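J.: Can you read through this structure? Questions will come right after.
The values are calculated or read from the model by the stated rules, or taken from the named source; none is laboratory data. Predicted model only: the values in this text are computed from it and were never measured. Please note: Cβ atoms are built from the backbone with ideal geometry, for glycine as well, and neighbour counts cover all protein chains shown.
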């Protein structure tokens, strides 16, 4: 009988210890960020929105890697297609940064999309930087298509650097908890 009770008690104690350790670790990370002078604005999204946003940002990074690889092979049309589909102002990823998506969609008629919820929850400065990134990506698309016609990649590279600059501006100003 004693052994039957002992195993569940050990499991509960172990689970409590792991949970306490995880909480201590999170507190330590917060403390280290403050100690390191992390003055970025903390953005507290609900867990599902947080995961969606982080997934979007990882896809943005993957898109940039694919665009750079295409540019390195002088495949400017491919680079333009990637940017247009995944980063451009008309891509689904841009919807969370558009003001009109927050004001034009009736919330009662259907379940709001994650992008609509993001546009309603995102700090205005973060949303503006995101919108500028998507606009810069659309400008890159035009330059990459021009490079396909002329063979001159310099304007496309300059345009792509403006996309990356917006990513840097956002990540330098905001952090998602």
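J.: Looking at the range 94-113, is at least one residue at pLDDT 90 or above and surrounded by 11 or more Cβ atoms within 10 Å (Cβ to Cβ)?
T.: The answer is yes; a qualifying residue exists.
One line per residue, one yes/no per condition, for (1) assigned to a helix (DSSP H, G or I); (2) surrounded by 15 or more Cβ atoms within 10 Å (Cβ to Cβ):
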{"residue": "126", "(1), (2)": "yes, yes"}
{"residue": "132", "(1), (2)": "yes, yes"}
{"residue": "135", "(1), (2)": "yes, yes"}
{"residue": "140", "(1), (2)": "yes, yes"}
{"residue": "144", "(1), (2)": "yes, yes"}
{"residue": "152", "(1), (2)": "no, no"}
{"residue": "168", "(1), (2)": "yes, no"}
{"residue": "172", "(1), (2)": "yes, no"}
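J.: Considering only residues that are over 16 Å from residue 90 (Cα atoms) and surrounded by 21 or more Cβ atoms within 10 Å (Cβ to Cβ), which ones fall in the range 154-165?
T.: 156, 159, 160
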